[in-house]
Amino acid sequence: MLMEQWAHRFFELSTELFVVLGAQGRILEANPAWNVTVGWSPTELRLEGSRGFIHPEDLSAVEARLESLARTTGTMRFSCRWRCRDGTWAWLVWSAACSAAGGPLYCTVRRLESPPALDKDRGAVAEANGPVPPWAMSDSLPLGLYVVEVRSGTVLYANHRFCQLWGIESLEGAMRKGQVSHEDVLGHCLRAGEAAAFLRLNPTTAESDAPPPLHGDEAVLANGRMLRRLSTPMGASGDESRYRLFAFEDVTERKRTEEALHRSEQSFRKLIETAPEAIFVHRDQRFIYVNPTLLRALRYDHASELMGRPIWTIVHPDDLDVVRQRVHAVVARGELAPLREIRYMRRDGTWFDAESAGLPVDFDGVGAVVVMARDITERKRMQAQLLQSDRMVLAGTLAAGVGHEINNPLTYVMANLESAMESMVRLGGELGRMLPDGALAPGWSVSLKDTGELLKEALEGATRVRNIVRDLKYISRQEEERRELLDVRESLEFSLKLASSELKPRAQIVKRYEDVPLVHADASRLGQVFLNLVVNAAQAIPEGDPANQQVTLWVRPGVNGGVAVDVSDTGSGMPPSVLARIFDPFFTTKAVGSGTGLGLSICHGIIQGLGGEITVRSEPGRGTTFTVQLPPAPADAAPREVPSVAAPSSERSGRLLVIDDEPAVGRSLARIIGKRHQVTVVGSGEEALTKLTSGGPFDAIFCDLMMPGITGMDVYERVREREPGLSLRFIFITGGSYTTRARQFLERIPNPRIEKPFDAQMIQQIVGEVLAVDA
C-alpha cells in the first residue's frame, strides 16, 4: 500500500507528461502536467481520446505503431504532432511500453522545441520506430531513480538524473550494462559528501551512533546542493523488502526560496512588531493578532488579554456606529476603510484619538481585516497650542487696536476734564473776590463745589479706563519673549485686576506678601501663569457666598534664594485620579466648551522654561493649592529701566510744534503745555513738514508716531537728513499700537516718548528739560 501511495504521488506531482493508453487510443489516465504543457486537463483528455488530438497527417502512422506494440511486450519510441488548446500544434516524443500482450500502454511524453526533422543530434528521434532501452524511459524525469537488490547489492536500475545529482555520470554506462555494484556506487557517491549515507542499505552500529549531518529526509551535498530522498522497499509477496527504490529530488532552489520567504516573513513580522503604528487583525470582529504598540497604547500587558475578545471593547461608545459601518464595508464588499479619526478606549477607561485605516487581507490562509492606527494625541495638542497661540495673537492685536482707539479720545477727555477742574477752581476764586458774602454766596458756592465733584468723579473714571488700557499691553505685546528683572507681586496685582469679575461673586482675596528677591522673567508670560491660576482658583468656588470663601495669594522666599508663590482656594478640591493628570494636555474637568485643557499645561511649560517648578496639592472638600517656585535673578541680569530723575525746568517760554492727526488730541496737548508757550498745532505730516521748512525754528516738537500718509517716523527722518540738530528735539506720542517698523524705530532712536492719555506733570517736565537744555 505504501508503494502505491508513493507511486500515485509521483504520478500527480511530476512535471513530466505521463499517460496510460487503452485500446483504440483511448486515454485511461493522464497526469496534471498535460494541462501545463498543452492546455488540456486530464478529464478533457479522457473524454476525447488520443485520436481527437493527433494531427490527421500523423494519425494513421501512430495508430499502426500502437497496435503493433499492444500485440507484444516491449517498448517503442515515436513522435507526432498534438493539438493544443490554443489551436497550435506541438511536437511530442513518446516512449511507450507494454507489460503484457493486449494490456494498456504506459507512456512518458516530452515536448520538442523544434520538429524532429530539424533535431539532427537526437538519434532517438531519427530512429523513432526502433525499440528504446528501459533505462532511457525515465531519463527526462526531474527525479533521480535508483533501484538496488538489498541482499546482493546488485544495481537494477538508475536513470540519468540520478547520475547527474550525485556526480557519477562516468558510471552511467557501466551501470546500464550491469557492471557496477551498489558498493561501487556508494564509494563514488561519498565524494559528494557524507550525504551518501542516504544510500546505505544496512548502516553499521558505529555509523548509526555518528550519523552524517542530515535534516530529516534531506541532505546537503559537498557542492552545496540539497537533495530530498524518498525511499521505499519493493518485492513480491512474502519478500517485500528484497529491493529498495530510491528517488532523489534537487530541492536547492525550493529550499532557498523557502528560506528567503521565511526570512522575509521574519523581517515583516519584526517590522510589524516594532512599527510605531498600532496594528491589529480581526476575524468575525474578534482579535486574532495585536502588535506591541497597540498593547502599550491601550495599556495592556499581554496580547492574551485581547485575543478572542470583540473589537468593539476598545472603541469609544460614541464612535461605535461609524466603526461598525467601516467594518461592514471591508468585510462584505472588500473595500478599503480610509483614514479617519477614531477614539480608542484604554484599559483604565480613558481614551485617545487615532487616525485609523482598515483593509481586507488573508491571514493564515483565511480572510480577515487588518487595522492600522496612529496615535495623534500629540499632533492634536500641538494644533490646539497653535490655535491657542493664534487666538492670543488675535486677542493681542485686538487689544492693541482697541487700546489705540480708546487712547485717542481718552487723551482729550482727561485733558479737558483736568482743564475744566482748573477753570472751576479759578472761577471760584474770582467769584469769591468779586461777590461779597451774601444771600447768593451759598448758592453759587455749593453749585461750584458739586460741579467740581462731578468733574473729579469723571476724571477718576477716565483714569480707571486709562489703567485698564495700559493693562491690556500685557497681552498685546507682539515681540518675542523679553526677560527683565521683575517683582512677582506686580504680576500678581495685574492678574487680580483682570480676574476681578470672576473673583467678586465667589470669594474674598487674602494677600500675604513677604519681601522677596526679583526674578528674571517675561512680564507678559509670568502674568499669564498667575492669571490662569487665579481664574482656576475662583472657578473652583461656586458663586453666591463670597463672605465665607477665600482665594489666598502668599508670596514668600523660596528654595535656594528664589521666590515661592502659593495660590490657594477653599473650593471643592480634587481626587487623586484628577490630581495625577492635572498638567496633561487636553485634560480638563470643566464642561464641554468651557475649557481646552491646555491652560495648566502651558503654565507648566512656561515655568519650566524659566528654570522653575509648579506643583499642586489638593484634597476633596479641602481646597487646592498651586505652588510656583522661581529661581532668583542671575547677578548679570539687566536692571529694569528706571525713569530718569527730573531735571530743573526752565522758566523761559518756548516755541513748540504739536503734530497729531486727531485735532482734539492736539488741542488738549496744547492746553497741557500751557499758555505761556507759543504752541502751533497741525493735523498731518504734510503740514508739519511745511511748518518746519518755512516757519521759524521750534524749541520742541511733539509728534504722533502713527499717522495716515506721512507718519511721524517719516517726518523725523526727513528733518534729520536736513537738520540733524532739530531731530533731537522730537518727542514722540504713541497710542500703544505698533507696527513692526514702529517698534524697530523706537528701539533705534534715543528720543523721549509719551503715551496717551497724557500725564500733565510728565509733559511739563519734558518741556522744561528741553527748554533748559536750549538755554
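Data overview
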item: Residue match in segment 42-56 (condition: surrounded by fewer than 12 Cβ atoms within 10 Å (Cβ to Cβ) and either under 59 Å from the mean Cα position of the chain (by Cα) or β-branched (Val, Ile, Thr) (or both)); result: yes
item: Some residue of segment 688-708 being touching a residue at least 60 places away in the same chain (Cβ under 8 Å), over 29 Å from Arg464 (Cβ atoms) and aliphatic (A, V, I, L, M); result: yes
item: Considering residues of segment 38-47 that are free of Cβ contacts under 8 Å to residues at least 12 places away in the same chain and part of a helix (DSSP H, G or I) only, the residue nearest to Phe11 (Cα to Cα); result: Thr43
item: Unmet criterion (only one of (1) buried (at least 16 other Cβ atoms within 10 Å of the Cβ); (2) touching a residue at least 24 places away in the same chain (Cβ under 8 Å)) for Gly666; result: (2)
item: Residue within segment 16-26 that is charged (D, E, K, R), modelled with pLDDT of 85 or more and in contact with a Phe, Trp or Tyr (Cβ under 6 Å, 6 or more places away or on another chain) present; result: no
item: Residue, surrounded by the fewest Cβ atoms within 10 Å (Cβ to Cβ), within segment 597-623, restricted to residues that are at pLDDT 85 or above and touching a helix residue (DSSP H, G or I) at 6+ places or on another chain (Cβ under 7 Å); result: Val616
item: Check on Val323, free of Cβ contacts under 8 Å to residues at least 24 places away in the same chain, among the hydrophobic types (A, V, I, L, M, F, W, C), closer than 20 Å to Asp284 by Cβ and touching a strand residue (DSSP E or B) at 6+ places or on another chain (Cβ under 7 Å); result: yes
item: Residue ranges of strands (runs of 3 or more DSSP E) in segment 224-338 with at least 1 members among the acidic types (Asp, Glu) and under 24 Å from the mean Cα position of the chain (by Cα); result: none
item: Options Arg326, Arg340, Arg347, Arg309: the member that is in the same structural domain as Asp284 (by TED's automatic domain parsing), basic (Lys, Arg), within 29 Å of Arg381 (Cα to Cα) and in contact with a Phe, Trp or Tyr (Cβ under 6 Å, 6 or more places away or on another chain); result: Arg347
item: So Arg374, is it over 17 Å from Pro292 (Cα atoms), out of contact with any Lys or Arg (no Cβ under 8 Å at 6 or more places or on another chain) and assigned to a strand (DSSP E or B); result: no
item: Scope segment 20-37; condition part of a loop (DSSP other than H, G, I, E, B) and either basic (Lys, Arg) or crowded, with 17+ Cβ neighbours inside 10 Å (or both); matching residues; result: Arg26, Asn31
item: Scan of segment 57-74 for residues that are in contact (Cβ under 8 Å) with a residue 40 or more places away in the chain and exposed (fewer than 14 other Cβ atoms within 10 Å of the Cβ), ordered by number; result: Gly74
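Conditions (1) within 20 Å of Val519 (Cβ to Cβ); (2) in a helix (DSSP H, G or I); (3) at pLDDT below 70, marked per residue:
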{"residue": "Gly438", "(1), (2), (3)": "no, no, yes"}
{"residue": "Ser445", "(1), (2), (3)": "no, yes, no"}
{"residue": "Gly461", "(1), (2), (3)": "no, yes, no"}
{"residue": "Ile468", "(1), (2), (3)": "no, yes, yes"}
{"residue": "Tyr474", "(1), (2), (3)": "yes, yes, yes"}
{"residue": "Glu479", "(1), (2), (3)": "yes, no, yes"}
{"residue": "Glu490", "(1), (2), (3)": "yes, yes, no"}
{"residue": "Glu493", "(1), (2), (3)": "yes, yes, no"}
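Matching residues to (1) aliphatic (A, V, I, L, M); (2) closer than 19 Å to Leu656 by Cα; (3) surrounded by fewer than 21 Cβ atoms within 10 Å (Cβ to Cβ):
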site: Ala700; (1), (2), (3): yes, yes, no
site: Cys703; (1), (2), (3): no, yes, no
site: Ile731; (1), (2), (3): yes, yes, yes
site: Arg743; (1), (2), (3): no, no, yes
site: Pro752; (1), (2), (3): no, yes, yes
site: Lys756; (1), (2), (3): no, yes, no
site: Leu771; (1), (2), (3): yes, yes, yes
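The values are calculated or read from the model by the stated rules, or taken from the named source; none is laboratory data. It should be emphasised that the depicted structure is a prediction, and the values quoted were computed from it without experimental measurement. Cβ sites come from the backbone with ideal geometry, for glycine too, and all protein chains shown count toward neighbours.
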